[in-house]
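Participant: Let me begin by handing over the structure; questions about it come next.
The values are calculated or read from the model by the stated rules, or taken from the named source; none is laboratory data. Computed from a predicted structure; not experimentally measured. Virtual Cβ from ideal backbone geometry, glycine too; neighbours counted across all protein chains shown.
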Amino acid sequence: MDALLSFSRMIDWLNEKFGIVADYLVLIACFTSAGNATSRYLVNLSSNAWLEIQWYMFSGMFLLGASYTLKMNEHVRVDLIYANVTDRGRLYIDIGGLILFLLPAMTMLVLMTWPFFLDAWFRNETSANAGGLIRWPVKILMPIGFALITLQGISELIKRFAALQGRITLETKYEKPQQ
């Protein structure tokens, strides 16, 4: 179990770094958007590339930040059951959800999006818009993002089993969203 927990910490570290990248993409996207709007209205200069790069950054925010969200235990849950069980019950629910839903779905998405990226790469696909960008950089974000979520799911699974064995303490407290 010690080797698995060490592997889990490496995955957590990796996804923390991608979480930082996602955070910076938010800031860069804001500056890009403001700069594009300023140049468009002040000097009547704009390009579809500026709009597309914002779309690319949004994709990066979402796909690279999702694994960090899972690591921080901030993802969406069905609170009807989860909020009304013990900490140990929450660990079992998490294990079931990870094994039955998250890991198979994310693995399938990695396998489905990889050819999508490869097709764009080999064809050197570009946007149909005038001044548009090449598409493969945004399309590689899909398999990378889903692979990161898969890895984080494995890390969370390791931590849940370790918590059930009493080897680590894991925060399972659930706060119902404010209505």
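For (1) aliphatic (A, V, I, L, M); (2) in contact (Cβ under 8 Å) with a residue 24 or more places away in the chain, each residue gets a yes or a no:
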position	(1), (2)
P115	no, no
R123	no, no
V138	yes, yes
L141	yes, yes
L148	yes, yes
Q152	no, yes
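Participant: Return only the number of the condition from (1) small (G, A, S); (2) touching a Lys or Arg at 6+ places or on another chain (Cβ under 7 Å); (3) exposed (fewer than 13 other Cβ atoms within 10 Å of the Cβ) that A120 does not satisfy.
Facilitator: (3)
Participant: Go through (1) closer than 27 Å to T126 by Cα; (2) modelled with pLDDT of 85 or more; (3) not in a helix (DSSP H, G or I) one by one and return the number of the condition L45 breaks.
Facilitator: (2)
Every residue, every condition in (1) farther than 30 Å from G153 by Cβ; (2) surrounded by 14 or more Cβ atoms within 10 Å (Cβ to Cβ); (3) among the aromatic types (F, W, Y); (4) at pLDDT 90 or above, yes or no:
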{"position": "L5", "(1), (2), (3), (4)": "no, yes, no, yes"}
{"position": "M10", "(1), (2), (3), (4)": "no, no, no, yes"}
{"position": "G19", "(1), (2), (3), (4)": "no, yes, no, yes"}
{"position": "L27", "(1), (2), (3), (4)": "no, no, no, yes"}
{"position": "C30", "(1), (2), (3), (4)": "yes, no, no, yes"}
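Participant: Can you confirm whether G132 is part of a loop (DSSP other than H, G, I, E, B) and not aliphatic (A, V, I, L, M)?
Facilitator: The answer is yes for G132.
Participant: Being in contact (Cβ under 8 Å) with a residue 60 or more places away in the chain and of a type outside the set (A, V, I, L, M) is the filter here; which residues of the range 81-91 pass it?
Facilitator: Passing the criteria: Y82, D87, R88, R90.
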